[in-house]
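Asker: One structure follows; several queries about it will come next.
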Amino acid sequence: MGHTNDSATLTQVLLACSNVTDLSYSCMPNSLRMFETIIGDFSNPNKHHSLRSLTLTIKGYIINGHDMDGILLQCPNLNRLVIKGCHASILNSISKYAPSLKILVLNPSDHNDPTLTRDLSTDNHYDGDGISGIQILIIYNIRGAIPIIPALSFIYKYRATLKTLYMGILDEKEISDEQQVERIKTDFPNFKLWNLESLNYHDSPNAPKLVLGMLHNVTTIKTLNVFNLVDFGTLLGNIEQIPSVTCLNLMGTHSINMGEEERSNFHQLIEIFAKRSVAGLPSLQKITLQDIPSVNDQILYALGDIKTLCNISFGMLSTIEVSTEGINNLIQKIGAQLTDIKFFGMRMVLDSTLTALCDCSNLVTVELQHIDNVTIAAIDDLLDKTTSGQLKQVNVKGCYKINGKWGECLTKRS
């Protein structure tokens, strides 16, 4: 929606479209216009009873708690809320006036965010389950809008109901030393996310000490996503106390130079999962490694010792440390258990890699993105010769040698 004097208010849109399930409303007001004027009159709650099934997105310059009080007061059934441009004061308003809220996203980024690719309006897993409290929380500290202390206080309030948590709030300046981390732990005693299933956080030198401590001995956590990974050692020290992780996604950055100590820590991390898998305990089923300089052929080969690993995704790994042979050896080692594989920006992936995939008897999906050294002939061979009866197509995007096409799906012929 626009922000001219003739634009429709939020209330007018909702009343005119009673069956709407996903509404994004941009309220970028002129300096002389008040937020309430643009949003409209929410004084009659009976007119807005259908908001339980609505995903409401509100975008503004600075949206504070007072701005949202009227909407939240008169819409107690609101189930899903996305606010872009909000101030930390919004957290108190939500705590007071949004008793039915299950999914909350604060200050999502402008670019295509991986946490928002799922259509929240169709996620009925969290509707009518009898649990009162926020279960999906995605929260960013854009330009210092939501500092870590009020954010943690809010998370603490919903620690018993949260199932998915995305923490883009960890400002390195706010947790710059271990004493600050210990002070925060003291302020929030017994901070355990006992029902959390998925955790996503942006790494910083002291972040794991604070964040992963919330998960010690929590047996519900399945997915751990770490962005901008900088500290393998602390991750290693905590993962032993998080026994139920089956999906580990590690995204690093080219600017980080990881040496032998970090590589050794990574080996130990793999050994933990390998021992769990051999013992029949919950262990790693899916791993994503993207832009992690410490990954080399030896680490890839060690991954093959994890007997439960069936889904791998590798992106932008070092061409110096990782070879075609290293990738092919891993595929051969886990061939019988491999179901899904994805390569992104990997120059060392060649036609021989697809040949190695032909013997993976349980393969279901193959995805290639920006793989410049694979030919269409190799994909045809994979689809024709695969021993897996489940592999029907190969998803291809931005692969230079495949007819120069940007994106397509190559399908198995009958």
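The values are calculated or read from the model by the stated rules, or taken from the named source; none is laboratory data. Not measured: the values here are computed from a predicted model. We place every Cβ from the backbone using ideal geometry, glycine too, and count neighbours over all the protein chains shown.
Asker: From the list Leu289, Leu317, Leu303, Leu383, which residue is touching a helix residue (DSSP H, G or I) at 6+ places or on another chain (Cβ under 8 Å) and hydrophobic (A, V, I, L, M, F, W, C)? Working first, answer last.
Answerer: Details: Leu289 fails: touching a helix residue (DSSP H, G or I) at 6+ places or on another chain (Cβ under 8 Å); Leu317 fails: touching a helix residue (DSSP H, G or I) at 6+ places or on another chain (Cβ under 8 Å); Leu383 fails: touching a helix residue (DSSP H, G or I) at 6+ places or on another chain (Cβ under 8 Å).
The unique qualifying residue is Leu303.
Asker: May I ask you to list the residues in the stretch 360-390 that are touching a strand residue (DSSP E or B) at 6+ places or on another chain (Cβ under 7 Å) and within 25 Å of Leu317 (Cβ to Cβ)?
Answerer: Residues of the stretch 360-390 touching a strand residue (DSSP E or B) at 6+ places or on another chain (Cβ under 7 Å): 364-371, 374, 379, 382-383.
If the condition is that a residue be touching a strand residue (DSSP E or B) at 6+ places or on another chain (Cβ under 7 Å) and within 25 Å of Leu317 (Cβ to Cβ), then Val364, Thr365, Val366, Glu367, Leu368, Gln369, His370, Ile371, Val374, Ile379, Leu382 are the ones that fit.
Asker: Of the residues Gly345, Gly280, which is surrounded by fewer than 20 Cβ atoms within 10 Å (Cβ to Cβ) and either farther than 24 Å from Thr375 by Cα or in contact with a Phe, Trp or Tyr (Cβ under 8 Å, 6 or more places away or on another chain) (or both)?
Answerer: Values: Gly345 fails: either farther than 24 Å from Thr375 by Cα or in contact with a Phe, Trp or Tyr (Cβ under 8 Å, 6 or more places away or on another chain) (or both).
From the options Gly345, Gly280, the qualifying one is Gly280.
Asker: Across the stretch 340-373, what is the total count of residues that are in a loop (DSSP other than H, G, I, E, B), over 18 Å from Asn329 (Cα atoms) and among the aliphatic types (A, V, I, L, M)? Don't jump to the end; show me each part of the working.
Answerer: To start, the set of residues in the stretch 340-373 that are in a loop (DSSP other than H, G, I, E, B) comprises 345-350, 358-364, 370-373.
Then drop every residue that is not over 18 Å from Asn329 (Cα atoms), which leaves 345, 364, 370-373.
Now narrow it down to the ones that are among the aliphatic types (A, V, I, L, M): 364, 371.
Counting residues in the stretch 340-373 that are in a loop (DSSP other than H, G, I, E, B), over 18 Å from Asn329 (Cα atoms) and among the aliphatic types (A, V, I, L, M) gives 2.
Asker: Just to be sure before I move on: is Asn228 within 21 Å of Leu165 (Cβ to Cβ) and in contact (Cβ under 8 Å) with a residue 24 or more places away in the chain in the structure I sent? So that I can check it myself, show each step before the final result.
Answerer: Numbers: within 21 Å of Leu165 (Cβ to Cβ): yes; in contact (Cβ under 8 Å) with a residue 24 or more places away in the chain: yes.
For Asn228, the condition - within 21 Å of Leu165 (Cβ to Cβ) and in contact (Cβ under 8 Å) with a residue 24 or more places away in the chain - is met.
Asker: Can I ask one more? It is to be established whether one or more residues within the stretch 327-350 are farther than 23 Å from Cys247 by Cβ and among the small types (Gly, Ala, Ser).
Answerer: Let us first name the residues in the stretch 327-350 that are farther than 23 Å from Cys247 by Cβ, namely 328-329, 332, 347-348, 350.
So of that shortlist, the ones also among the small types (Gly, Ala, Ser) come out as none.
No, the conditions are met nowhere in the stretch 327-350.
Asker: Sticking with this one: Please count how many residues of the stretch 289-311 are buried (at least 23 other Cβ atoms within 10 Å of the Cβ) and either at pLDDT below 95 or under 22 Å from Arg347 (Cβ atoms) (or both).
Answerer: So the first thing to find is which residues in the stretch 289-311 are buried (at least 23 other Cβ atoms within 10 Å of the Cβ), and the list is 289, 292, 294-295, 300, 306, 309.
Then drop every residue that is not either at pLDDT below 95 or under 22 Å from Arg347 (Cβ atoms) (or both), which leaves 289, 292, 294-295, 300.
Looking only at that region, the number is 5.
Asker: I would also like to ask the following. Quick check on Leu199: is it modelled with pLDDT of 90 or more, closer than 24 Å to Asp291 by Cα and buried (at least 18 other Cβ atoms within 10 Å of the Cβ)?
Answerer: Judged against the criteria, Leu199 is a match.
Asker: Can you spot a residue in the stretch 104-114 that is assigned to a loop (DSSP other than H, G, I, E, B), at pLDDT 80 or above, closer than 18 Å to Met68 by Cα and aliphatic (A, V, I, L, M)?
Answerer: In the first step, residues of the stretch 104-114 are kept if they are assigned to a loop (DSSP other than H, G, I, E, B); the result is 107-113.
Imposing the further condition that a residue be at pLDDT 80 or above reduces the set to 107-108.
Retained after the next criterion (residues that are closer than 18 Å to Met68 by Cα): 107-108.
With aliphatic (A, V, I, L, M) added as a condition, the list becomes none.
Checked against the condition, which is being assigned to a loop (DSSP other than H, G, I, E, B), at pLDDT 80 or above, closer than 18 Å to Met68 by Cα and aliphatic (A, V, I, L, M), the stretch 104-114 yields no hits at all.
Asker: Specify the residue that is modelled with the highest pLDDT; the eligible residues are those in the stretch 61-103 that are in a strand (DSSP E or B) and in contact with a helix residue (DSSP H, G or I) (Cβ under 7 Å, 6 or more places away or on another chain). Don't jump to the end; show me each part of the working.
Answerer: Looking only at the stretch 61-103, we keep the residues that are in a strand (DSSP E or B), and these are 61-63, 80-86, 103.
If we keep only those that are in contact with a helix residue (DSSP H, G or I) (Cβ under 7 Å, 6 or more places away or on another chain) too, we end up with 63, 80, 83, 103.
Numbers: Ile63: 86, Arg80: 89, Ile83: 90, Ile103: 93.
Step by step, filter the stretch 61-103, then rank; the result is Ile103.
Asker: Now for a different question. Let me confirm something: among Glu321, Glu325, which residue is of a type in the set (Asp, Glu) and part of a loop (DSSP other than H, G, I, E, B)? Talk me through it step by step, then tell me what you get.
Answerer: Working: Glu325 fails: part of a loop (DSSP other than H, G, I, E, B).
When all the criteria are applied, what remains is Glu321.
Asker: When you scan the stretch 250-288, how many residues do you find that are at pLDDT 95 or above and assigned to a strand (DSSP E or B)?
Answerer: 3
Asker: Can you tell me which residue is farthest from Ser244 (Cα to Cα) among those in the stretch 203-226 that are of a type outside the set (Lys, Arg), touching a Ser or Thr at 6+ places or on another chain (Cβ under 6 Å) and at pLDDT 75 or above? First the steps, then the outcome.
Answerer: Here is the first cut: in the stretch 203-226, the ones of a type outside the set (Lys, Arg) are 203-208, 210-221, 223-226.
If we keep only those that are touching a Ser or Thr at 6+ places or on another chain (Cβ under 6 Å) as well, we get 208, 219, 221, 223.
Next, from what is left, pick out any that are at pLDDT 75 or above: 219, 221, 223.
On the way: Thr219: 5, Ile221: 6, Thr223: 9 Å.
Checked the stretch 203-226; the qualifying residue farthest from Ser244 (Cα to Cα) is Thr223.
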